[in-house]
Amino acid sequence: MNILLTLLVTFALLSPACQSSAADNSRSNNSTASNRTGTVQTGKSKKLLPYSLGEKRGFINSEGQVVIEARFDGVHDFSEGLAAVFNGVPYGNGGTSSAGHIDESGKLISPMIFNDARDFSEGLAAVSIGENWGYIDKSGKMVIEPIYSQAGEFSEEMAQVGIRTPDVYLKVGFIDKTGKYIIKPRELLKQYESGEYYGVGDFYDGLAQNRINGKWGFMDRTGKMIVKPVYDEVSDFSEGMALVTINGLSGFVDTGGRLIIKPQFKAVGNFYDGLAGIEIKGKHGFIDKTGKFVIKPKYYWADRFVNGYAAVVLEKKNYKWGLIDKTDKMIIQPTYKSIGEFHDGLARVQTDDYKWGYVNTEGKLVIEPKFVWAEDFSDGLAAVSVETDGKTREFGYIDHTGKYIWHPTR
């Protein structure tokens, strides 16, 4: 679950005062082992969430029981059963940090010998030794030697890597999981000093953005250009369609390189839930994948559709958010300062007093607005924060009923 508390716990929760709060949390949830031991708990859910104890970070389960004691300076969320963990000052900030990965019992899969580490993706994780990046497998074994100056996550069996050379700023290519080049390094990053240096993207739906001579197109896994580089801007593929812009107007191409919706819109978003948001003369609506209007432009503002719903603002003078479905039925009347996306059947909403709560798909307020910040629900839980003295924020987790499974701590 990638929710805000991953960052908030890592960077904001630094007070030693939370030591007693963490212990109280563990006791209040009938923990079967002390939160100082790191003993694995036996609960109904194996979902692990980051928490803070003083200046250290660890993990609790979805019942609020401490599973991995707080002994790290920084942690990432679990990915593919493993989580990146860190101690010391981040290497990129001039420090000499140590990094590694732990399993769901808190056991290191290898010594913390790396200076930096990224999440696992498709069975491999990028790690650095000094300035050089390579890849390890889930046993902690280095399977691709650290010879790269940059290393991305694996996606569709490929990872983007970069090599610095004396004559150019960076050459970029793509490797497979053996370290073999699928697309050899080329001088794809140009005009660095002007800021226009990103010339290649990651692969989505089998295609990656590629810029040649200042124009954008898409290449396949062999490096062949499927969509010719004629566009001023492009987006990654989403639901089989990619946004392309030329001369200030945008349309869509499919993965076969065919122009499905000709460039005609001055403002348009990617496809989500089968619909794309567009703006015409200051009004927002939605089109389908043929370019046909499903919801005519009539809203002052509109967000993307997610799980069948989209947040909208009717008019500028009464800037309030509501929620519509795909038939353009107003599910939640425009009454909120802000409204999030539906996840697990609930959407976060902000009232005029800047407090956050949650509504269901019928528009009923099911968790009262009492939080100074709230994240979307995921796997039955949401990260929330409260203020204890008007300025100090404390962070915790709630379930669908609004009950704390981890009481707010600093």
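Could you figure out which of (1) under 20 Å from Trp301 (Cβ atoms); (2) without any contact (Cβ under 8 Å) to a residue 24 or more places away in the chain; (3) under 24 Å from the mean Cα position of the chain (by Cα) isn't true of Val386? Evaluating Val386 over (1) under 20 Å from Trp301 (Cβ atoms); (2) without any contact (Cβ under 8 Å) to a residue 24 or more places away in the chain; (3) under 24 Å from the mean Cα position of the chain (by Cα) leaves (1) as the failure. Of note, Ser235 satisfies the criterion of being out of contact with any Phe, Trp or Tyr (no Cβ under 6 Å at 6 or more places or on another chain) and crowded, with 18+ Cβ neighbours inside 10 Å. Within the range 352-359, can one find any residue that is part of a strand (DSSP E or B) and either modelled with pLDDT under 95 or farther than 30 Å from Gly282 by Cβ (or both)? Yes, some residue in the range 352-359 is part of a strand (DSSP E or B) and either modelled with pLDDT under 95 or farther than 30 Å from Gly282 by Cβ (or both). When we screen Lys326, Lys283, Lys289, Lys298 for residues that are out of contact with any Leu (no Cβ under 9 Å at 6 or more places or on another chain) and of a type in the set (Lys, Arg), the only hit is Lys283.
The values are calculated or read from the model by the stated rules, or taken from the named source; none is laboratory data. In this text the structure is predicted, and so the values were computed from the model without any measurement. Ideal geometry is used to build each Cβ from the backbone, glycine not excepted, and the neighbour counts take in all protein chains shown.
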